[in-house]
Amino acid sequence: MLQETIHNEGRLGSLLLAMHRDGSTGTLRVKEGETDFTLYLNKGRLVYADGIDKEGPLLAELVSKGKIDLKELDELRVLKNMDPHGLGIALLDRKLVSEAVWRNFLLLKVKALLSAAFDMENPDLLFSESDLSLLPVNFIHEDTLPFVLDTVRSTTPHHPLREILKSKDMVFGLSSDVLSSKTRLPLNPSEEKTLSLIDGQQAAKEILKSSGLTSRLFQKSLYCLIRLGLVDTVSQQRPMSRENSYIIRLYLNLLLIVEAAYRQEIGKRSQKVLKRCVTDMASPGKALFSDLDLVNGNPESAAKRIAVHFMEQKTLSDGRLMLLTSFNKLLYLLIMRMKKLLGKKRALKTIQEMIRALVHFDPGKKNLETLLYAKKNLEDLARQMQS
């Protein structure tokens, strides 16, 4: 239970650090119950966020200051509903706000939304890699790592985590990606000190004594490190879950469809294309598919090899998300290369074959969320092909 709590608390922070490190571009959905946020990343930088209506209060403030009348308010509300991301350019073009005011508004909005995302106890996290359709006028221009860190520091620990932070006998260890992350993170001195003393052997009370920090400052530092996914409890490796096994089998079926399309056109050279795409991937995807052979192997052995590599990977705390993003990245690279080598028509046909195959893969729809996620990513890819 303690391990699961700390694991969940570190998922969002760990993912943001990983996408920053990998230079990812796309949208990250953070969903819990009826609350649904979207974070926009451009080459690893957090540039925008949506899911909380901050534009409505902004328009109301413009009315109260006499900058717009009720008729203009209605016009701008209609515009906002038709094009939620077009309000900024309209306000600037009409000189209703200055560039400085609009930049400050965006910064406050993203800060509030990111803080609310961190306040979720166990959200679903789904990243879709795609080009952003946002206008640069909507981008915030903050360095992502300090921005995320400051946001985490302003949040309050959930009750289960508060109890863990107070524990004197808890033994904490470093997550496997801490060495690649800590040198790039702008940690404050107390966080750096705490991180340097965590070794998977000392209890919290021993670390506190060695650190020379007050109990409150030590707990604040430890909280921040946990929320960034840098610290975990000392535990044994978890077995492969049924859901992750399902994801591997589902996406292998999609990869086999792509491989068959390549092989029909270029024969066994399709394996070279696959290896080239895997080489172009960043970790952990590159390691996950390092010896994948869809030509000479069989789906069962391929699934087992991927499962073995998956259990060896510790670069992301969220295994399910690691699998989904890695498989989607590989499919994206394969389809983009197909467009270049075999033409857009062949690439689109292959995407449609994959979408149709999803219906037959799980007729009972026992894993509907994963199926819908795969379908949405394929549909997004098809739209990119046609644009």
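If PHE118 satisfies every condition in (1) in contact with a Leu (Cβ under 8 Å, 6 or more places away or on another chain); (2) under 30 Å from HIS7 (Cβ atoms); (3) not in a helix (DSSP H, G or I) but one, which is the exception?
Result: PHE118 fails condition (3) only.
Give the stretch 58-87 a look and list any residue that's in a helix (DSSP H, G or I) and basic (Lys, Arg), or say none. Talk me through it step by step, then tell me what you get.
Step one: list which residues in the stretch 58-87 are in a helix (DSSP H, G or I), which gives 58-64, 70-82, 87.
Matches in the stretch 58-87: LYS71, ARG77, LYS80.
Anything in the stretch 139-173 that is of a type in the set (Gly, Ala, Ser) and within 22 Å of ALA203 (Cβ to Cβ)? List them, or say none. So that I can check it myself, show each step before the final result.
Initial filter on the stretch 139-173 (of a type in the set (Gly, Ala, Ser)): 154, 167, 173.
Within the stretch 139-173, SER167, GLY173 meet the criteria.
Give the residues of the stretch 67-89 that are among the small types (Gly, Ala, Ser) and surrounded by 15 or more Cβ atoms within 10 Å (Cβ to Cβ), sorted by residue number.
As a first pass, look at the stretch 67-89 and keep what is among the small types (Gly, Ala, Ser): 86, 88.
Correct list: GLY88 only.
Looking at SER64, SER14, SER115, which one is open to solvent by 40 Å² or more (accessible area, probe 1.4 Å) and either modelled with pLDDT of 95 or more or of a type in the set (Ser, Thr, Tyr) (or both)? So that I can check it myself, show each step before the final result.
On the way: SER14 fails: open to solvent by 40 Å² or more (accessible area, probe 1.4 Å); SER115 fails: open to solvent by 40 Å² or more (accessible area, probe 1.4 Å).
Among SER64, SER14, SER115, only SER64 is open to solvent by 40 Å² or more (accessible area, probe 1.4 Å) and either modelled with pLDDT of 95 or more or of a type in the set (Ser, Thr, Tyr) (or both).
Mind checking which residues of the stretch 264-282 are crowded, with 17+ Cβ neighbours inside 10 Å and out of contact with any Gly (no Cβ under 9 Å at 6 or more places or on another chain)? So that I can check it myself, show each step before the final result.
Taking the stretch 264-282 and keeping what is crowded, with 17+ Cβ neighbours inside 10 Å, we get 270-271, 273-274, 277-278, 281.
Passing the criteria: SER270, GLN271, VAL273, LEU274, CYS277, MET281.
Picking from GLY33, GLY44, which residue would you name as being on the phi > 0 side of the Ramachandran plot and in contact (Cβ under 8 Å) with a residue 40 or more places away in the chain? Spell out how you get there, then give the answer.
Numbers: GLY33 fails: in contact (Cβ under 8 Å) with a residue 40 or more places away in the chain.
Being on the phi > 0 side of the Ramachandran plot and in contact (Cβ under 8 Å) with a residue 40 or more places away in the chain holds for just one of GLY33, GLY44, which is GLY44.
Of the residues that make up the stretch 17-39, is at least one touching a Gly at 6+ places or on another chain (Cβ under 8 Å), part of a helix (DSSP H, G or I), surrounded by 13 or more Cβ atoms within 10 Å (Cβ to Cβ) and acidic (Asp, Glu)?
yes
Residue under question is GLU9, and the condition is that it be at pLDDT below 95 and open to solvent by 50 Å² or more (accessible area, probe 1.4 Å); does it hold? Can you show your working first?
Values: at pLDDT below 95: yes; open to solvent by 50 Å² or more (accessible area, probe 1.4 Å): no.
Judged against the criteria, GLU9 is not a match.
Out of everything in the stretch 332-383 that is of a type in the set (Gly, Ala, Ser) and closer than 14 Å to ALA261 by Cβ, what residue ends up being surrounded by the fewest Cβ atoms within 10 Å (Cβ to Cβ)?
Taking the stretch 332-383 first, the residues of a type in the set (Gly, Ala, Ser) are 343, 347, 357, 364, 374, 382.
Pick out the ones that are also closer than 14 Å to ALA261 by Cβ and you get 343, 347, 357.
Numbers: GLY343: 12, ALA347: 23, ALA357: 16.
Looking at residues that are of a type in the set (Gly, Ala, Ser) and closer than 14 Å to ALA261 by Cβ, I get GLY343.
Would you say LYS109 is in contact with a Lys or Arg (Cβ under 7 Å, 6 or more places away or on another chain), open to solvent by 70 Å² or more (accessible area, probe 1.4 Å) and either in contact (Cβ under 8 Å) with a residue 12 or more places away in the chain or closer than 30 Å to LEU91 by Cα (or both)?
Values: in contact with a Lys or Arg (Cβ under 7 Å, 6 or more places away or on another chain): yes; open to solvent by 70 Å² or more (accessible area, probe 1.4 Å): no; either in contact (Cβ under 8 Å) with a residue 12 or more places away in the chain or closer than 30 Å to LEU91 by Cα (or both): yes.
Considered against the rule, which asks whether it is in contact with a Lys or Arg (Cβ under 7 Å, 6 or more places away or on another chain), open to solvent by 70 Å² or more (accessible area, probe 1.4 Å) and either in contact (Cβ under 8 Å) with a residue 12 or more places away in the chain or closer than 30 Å to LEU91 by Cα (or both), LYS109 comes out as no.
Hey, can you tell me all the residues within the stretch 293-308 that are under 19 Å from ASN244 (Cβ atoms) and either touching a residue at least 60 places away in the same chain (Cβ under 8 Å) or in contact with a Lys or Arg (Cβ under 7 Å, 6 or more places away or on another chain) (or both)?
Narrowing the stretch 293-308 to residues under 19 Å from ASN244 (Cβ atoms): 299-308.
Passing the criteria: ALA303, ALA307.
Determine which member of the set SER301, SER326, SER317 is open to solvent by 40 Å² or more (accessible area, probe 1.4 Å) and either assigned to a helix (DSSP H, G or I) or at pLDDT below 90 (or both).
Working: SER301 fails: open to solvent by 40 Å² or more (accessible area, probe 1.4 Å); SER326 fails: open to solvent by 40 Å² or more (accessible area, probe 1.4 Å).
When all the criteria are applied, what remains is SER317.
Within the stretch 142-156, which residues are surrounded by 18 or more Cβ atoms within 10 Å (Cβ to Cβ) and closer than 20 Å to GLU121 by Cβ?
Selection gives VAL148, THR151, VAL152.
Considering the stretch 40-57 alone, what residues qualify as being part of a loop (DSSP other than H, G, I, E, B) and not small (Gly, Ala, Ser)?
Narrowing the stretch 40-57 to residues part of a loop (DSSP other than H, G, I, E, B): 43-44, 51-54.
Correct list: LYS43, ILE52, ASP53, LYS54.
The values are calculated or read from the model by the stated rules, or taken from the named source; none is laboratory data. Quantities reported herein were computed from a predicted structural model and do not represent experimental measurements. Positions of Cβ are backbone-derived with ideal geometry, glycine not excepted, and every protein chain shown enters the neighbour counts. Heads up: the accessible areas ignore ligands, DNA and RNA and are worked out on the full protein's heavy atoms, side chains in. Shrake-Rupley method; radii C 1.70, N 1.55, O 1.52, S 1.80 Å.
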